[in-house]
Amino acid sequence: MRALDYLKNLFKGRETKRYHAWLSDSAPIFTDSFGNNIYLSDFVNNAIDRVASEISKIELKSVVERGDMVQVQNDDITRLFRFKPNPLQTTSDFFSSVEWLRRKYRNAFIYPQYETINLKDGRQFRRYLAFYPLNPKAIEIGVNNGQVWEIRMQFEDGSSYTLPYADLIHIRWRRGTNTVIGGGDDYGRVNDMDLLNTIKALDQTIQGLPKSIEASLQIKGVYHVRTLAEQGKLLKERDKFEEHIWSSRSGIVATDLAGEFSPVNIRAPEIPKDVLDFLKAVIQERYGISAAILSGDFNGEQHSAFYQTAIED
């Protein structure tokens, strides 16, 4: 909690409470395998992490366009993103955090903290002090008295704040017909049901494989004793036989007791590679990455395709 203590010293009173609420994250921990949360899957998290890691390498600069000329400005925005956009995050951390929020909630909100500077000639301009990624639990966007668009944000600690929508930077992912909110359907809501079914199928496939292999290794055959041995000798031979079973790597048991061994053929199930590849591809395509990008073994063309489909959007 040192970071929050730092904020308390940096922003006093009401400001401290507001930034504390916006930066705190007390999301519940799910204890079941997946439930309805696809983000408990390593496959999903790895896919998002590849995109977020690439986004974190971006260099942000403030520019001014005059005709065909583009001039980089050495202003507050450029200086902040050259080092740290806020006291708690590096530029790389900031971009990665924003991309995670965008991919997970389909909407990412950034709050620019600024102060208004009044010039002698009556003009005003904003001096930007920091940029903060926000993690609201719920949002409402509407028009106040038919004049100003406002956004109401509710946070995990129960607090809520209403701000002019124009004061925030709103970045979306996956659109429906809703003209304001991202999400994937026409109401700006997240629908992960199809992807969730794929993740569960992949998880059940992987979890069931070691159990099937273990079961196939437990029984190699049936041993029939032909001679009538003494009770003690038979028990001794049985213990010796069991010891060989557990210690044998090849499944072949050496014994001097006359008898017949009848092998039992229990084959371990084989999961076709194309089935596993298909299930993984469904997850990868959702986030615009390929198997090569996910594994880190890619060439220039594959990276270019990944950049155009997953980063430039």
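Scanning region 81-90 for residues that are assigned to a helix (DSSP H, G or I) and surrounded by 16 or more Cβ atoms within 10 Å (Cβ to Cβ) gives a single hit, Phe81. Going through region 277-313 one residue at a time, which ones are surrounded by fewer than 11 Cβ atoms within 10 Å (Cβ to Cβ) and at pLDDT below 85? Hits for region 277-313 are Ser295, Gly296, Asp297, Glu312, Asp313. Strands (runs of 3 or more DSSP E) fully within region 91-195 that include at least 2 residues being surrounded by 12 or more Cβ atoms within 10 Å (Cβ to Cβ), modelled with pLDDT of 85 or more and out of contact with any Lys or Arg (no Cβ under 9 Å at 6 or more places or on another chain): 107-118, 124-134, 148-154, 169-172.
The values are calculated or read from the model by the stated rules, or taken from the named source; none is laboratory data. Since the structure is predicted, the reported quantities are computational estimates derived from the model, not experimental observations. Counting neighbours? That spans all protein chains shown, and the Cβs are built from the backbone with ideal geometry, glycine included.
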